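A short write-up of the structure that comes next.
Nothing in this text is a laboratory measurement; each read-out follows from the coordinates by a stated rule. Just so we're clear, the structure is a prediction, and the values are computed from it rather than from any experiment. Please note: Cβ atoms are built from the backbone with ideal geometry, for glycine as well, and neighbour counts cover all protein chains shown.
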Amino acid sequence: MTVAAAPAQTHRLASLALRRFAWALLVYFIVVILWGGLVRATGSGAGCGDHWPLCNGTVIQHSARIDTTIEFTHRITSGLSLFGVVALLAWTFARTARGHLARGAAISAVAFTVIEAALGAFLVKLGLTAQSRSPLRAPYLALHLTNTLLLLAALTLTAHLLSRRTGYLRGTIRFKASFGAITSIIVVLIVGVTGSLAALGDTLYPESSLGAALAQDFAATSGWLVRWRWTHPTVAFVASIFLIWLLVRAAQRTKHWDNRGLSALVLILLAVQYALGILDVAFLAPVWLQIAHLLGADLLWVALVVLTARLTLEPVEQRS
């Protein structure tokens, strides 16, 4: 009697410790991103002067101002994140089989982390911080946030693929090029970029009342950064159409995934984001509300990346 060999993908599943580390590192990166948002919202980007990686030319800060403390803390936590993502890469290669899809995602995470550090350094060296109104700041910020979201996506995919018990090796998945899923990711990415520009406008051109802020949005004398703030809610509305379509399609149990819970989570996070956006406008974007809005955006992005991975990277049956 011949015993069928076990499918190759049952070998060398990622350990519980590695999976937990990957998800914990993702949470840590979100905290670092939120602190970066605090740096921008409080105008603390110039707290260390134009020195990088040193802060005001030194390592140890004595009697530091609050803006220096905020900026220097962000640099320290960002530096530690690089060690964390390198450790994740090394651990993933050491404890997974050749062809594991998490390896490629981990490599991407390291690459995006290095790019993130370089973008942060140039941000400081070019003086595009604090209250700088340089025409380079907005496009540079858009590039910076795009890389940040791609970094989060790479970390999320690494953790998700390490957590899979099927469909995690090359040759064990079928790529379903879902137009709606991919489009939703791209549109949400654009929402994030326009949101960062709107937040920058709120920081550089604050107003004392809602009426004055709305008048400023449509005043011919206002800078383009202010007059384009309307693009964020507009793009967000368009994105919600794609997301709702995606959720309707995803909210069904398949052979490998039950996406109903995750779809409900994405829908809840989407509703929370709309509520936070309205409050952001009504209360003239206080710092705490900007950070809450950024946290909601990051959580929505992570949930959407996992849902998209489930829909587009479908496990296939392995012959025994």
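Please order 100, 256 by the number of other Cβ within 10 Å, starting at the fewest. Intermediate values should be presented prior to the final figure.
Numbers: 100 23, 256 15.
Going from least to most buried by this count: 256, 100.
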Whole-Å semi-axes of region 14-164's equivalent ellipsoid (Cα gyration tensor): 32, 16, 12
Cα centroid of region 101-132 to Cα centroid of region 235-303, whole Å: 25
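What ratio of Cα Rg to 2.2 N^0.38 Å holds for region 171-320? Display every interim value, and only then the final one.
On the way: Rg = 18.6 Å, N = 150, 2.2 N^0.38 = 14.8 Å.
Taking the Cα Rg and dividing by 2.2 N^0.38 Å, one obtains 1.26.
Nearest 500 deg cm²/dmol is fine: what mean residue ellipticity at 222 nm does the chain get from its DSSP H runs of n ≥ 4 alone, each adding -39,500 (n - 2.57), divided by its residue count? Don't skip to the end; give the middle numbers.
Numbers: 10 runs with 215 residues, N = 320.
That comes out to -23500 deg cm²/dmol.
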Top positive-direction residue, dipole computed over region 171-320 with Cβ charges, set 191, 285, 263: 263
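Taking region 71-165, which trypsin sites (Lys or Arg not before Pro) meet the DSSP loop condition and have no more than 15 other C-beta atoms within 10 Å? Intermediate results must be reported in sequence, preceding the final value.
On the way: sites: 75, 95, 98, 103, 125, 133, 137, 164, 165; in loops: 98, 133, 164, 165.
Hits after loop and neighbour filter: 98, 133, 165.
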With Cα atoms, 0 to 90° folded angle of helix 16-41 axis to the chain main axis: 10
Folded to 0 to 90 degrees: helix 66-95 orientation relative to the chain principal axis, Cα: 10
Virtual spin-label span in nm between residue 170 and residue 186, 7 Å along Cα→Cβ: 2.6
